[in-house]
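Please treat every number below as a calculation from the coordinates, not as lab data. Since we're looking at a predicted model, the values are computed, not measured. Glycine gets a Cβ as well: all are built from the backbone with ideal geometry, and neighbour counts include every protein chain shown.
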Amino acid sequence: MTTPRYKRFLLAVLAWSIAFVIFFPILWMALTGFKTEAAAIADPSLFFSPTFESYVAVHARADYLKFALNSVVVAFGSTLFALLIAIPSAYSMAFLPTPRTKGTLLWMLSTKMLPPVGVLMPIYLLFRDAGLLDTRTGLVIVYTLMNLPIVVWMLYTFFKDLPRDILEAGRMDGASTFQEVRHLLLPLTLPGIASTGLLAVILSWNEAFWSLNLTSSDAAPLTAYIASFSSPEGLFWAKLSAASTMAIAPILVFGWLTQKQMVRGLTFGAVK
Amino acid sequence: MNKTRVYGRTVGGLRSLSLQAPAVTLLLLWMLVPLGMTLWFSFQRYNLLMPGMSGFAGLENYEYLLTDPALWSAMGNTLLLVGWVLIITVVGGTLLAVLFQQEFLGRGVARVLAISPFFVMPTVSALVWKNMMMHPANGVLAWLANLFGLPAVDWFSSLPLTSIIIIVAWQWLPFALLILLTAIQSLDDDQVEAARMDGAGPIAVFFFITLPHLKRAISVVIMIEMIFLLTIFAEIFVTTSGGPGLATTNLAYLIYIQALLDFDVGTASAGGVIAIILANIVAIFLVRLVAKNLES
């Protein structure tokens, strides 16, 4: 099919304009982070002398690093635990299916449908009594369980794509289950495991219901730190922008890298 | 329990049981314990600020909640929020998926830019929109309005719910685009070609080939978005705190007010039960759809 050149040109212009409009708030935020506070609230202009003063100021408040560290620990910690718990489960579902496997998978999916606000009160009270409020351990527990169904599902779809003969050959050679998993399954499905892990990191990093409700200062991750800019005393746009840009940059890159595989996890394999 | 024992007899069944045990046990606890507690609390007189008050309340909490105009306004806001965001993201996402499927210069980069908002944490999206975009004096939208000689809109005081809808739609449009773009790539080019040969225009191709092909992906998008949109919280928390008045209080925010501001465990739990029921109505359809897909 040959599309006339001018049509193709118009198409490119249209698509790029839309992409630009959608991306604009992020771009604008990134630019505002390099302005002075005075320039940030002045009339919008692309011409300004860039300064790092907001970045310096955000970093000078030592607590930025504390919040960032909380985010890193909580997101990666919960992802690690979710993977450790999910890998054996997904392995058995993919390679040793029983008549119950399908039901178990669907049940796991259904636990994800429980609205967090529906169980806010019990979790809050349990955490209070267990001394888990405002602790990283508490958030790691919540995020591990929150992401577990998605992680199992995604790993299951990746494992199932692996030809069974490969594992069987290993078993013939006398490999134990553990060896089979360690030396065959994990290396062969590493890209799938990596993108599953990245999705879990993204979801935990951006989670803002539990982090706002279960933490206050000690264990607050970046989502809660940014929320503190909503109070009137925090109306410093350049600093808000600098802090926000730093908070979203790594996750934005992760998202770009895994967008294709992510569709699987987000739709539970219903769209490939 | 009997069933597990039956499968346990076979070697594979026993192994798979022990391998799945950690994940299944944890999820079972994570689901049943809080769910049971929410149900239990919803029938109790229980307020953290009034330690003396306790005991079985029967349906009192539900009665209190269901006769409270705040609940119905919150339900209305939830419906408006979910409905409008769905319309914007599904219609917009479908059209954009078709557009970004065409070949043009720099398509990969343009796609990446367009899906980016989905990866931005909700508190950042909400504050960037509230301050830098929608601020009535210094926001970009006010500046644009000025440029065209229009009066600036004070978004959060005059159109509070609309503002929230815009922010949430901006976050979820990329999600719909990402899913539908993936789905549209499996569209058979030959089929489109054949239809074109038979004289079908682009609009006919869209309605009779593309749209039917996307049907399942669109329903998946609708259901997943519904489950998340029913309980939008952070965007409201950092922008309007549910106000002015109750103008932007949705069900999730109302429960939050009852739970962590009024510490009324009983009423908050009754609200929680209502939220769970609503989410489950949607969830049943989603699980069915996924189950069908699992068989094929």
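Taking amide H positions as modeled 1.01 Å from N, with prolines and chain starts lacking one, the residues under 5 Å from B:Q44 and 5 or more places away or on another chain are B:A57. The A:L10 and B:I281 beta-carbon pair, evaluated with R₀ = 35 Å, returns a calculated FRET efficiency of approximately 0.20. Between A:L65 and A:H183, the C-beta separation translates, for a Förster distance of 35 Å, into a calculated FRET efficiency of about 0.35. Rounded to the nearest 500, the helix-only mean residue ellipticity at 222 nm of the protein assembly as shown stands at -22500 deg cm²/dmol, with each DSSP H run of n ≥ 4 adding -39,500 (n - 2.57).
Only the Cβ atoms of Lys and Arg (+1) and of Asp and Glu (-1) were treated as charged; on that basis the dipole of chain A about its Cα centre amounts to roughly 900 debye. Farthest toward the positive end of the dipole of the protein assembly as shown, out of A:L148, B:L141, B:A270, is the Cα of A:L148, where the dipole comes from beta carbon charges about the Cα centre. Applying a threshold of 29 Å to the alpha-carbon distances of A:K35/A:K260; A:K66/A:K160; A:K66/A:K260; A:K260/B:K130; A:K66/B:K130; A:K112/A:K260 flags A:K35/A:K260; A:K66/A:K160; A:K66/A:K260; A:K260/B:K130 as lying beyond it.
Taking the Cα centre of the range A:88-191 as origin and assigning +1 to Lys and Arg Cβ atoms and -1 to Asp and Glu Cβ atoms, the resulting dipole is close to 220 debye. Here each label is just a point 7 Å from Cα along the line to Cβ, and for B:L32 and B:K215 those points are 4.0 nm apart. Convex hull volume of the Cα atoms of the protein assembly as shown, normalised per residue: 184 Å³. The order of the peptides B:267-279, B:38-50 by mean Cβ neighbours within 10 Å, most packed first, is B:267-279, B:38-50.
May I ask you to list the aspartates and glutamates whose Cα is less than 18 Å away from that of A:K102, ignoring any residue fewer than eight positions away on the same chain? Cα-Cα hits under 18 Å: A:D161, B:E295.
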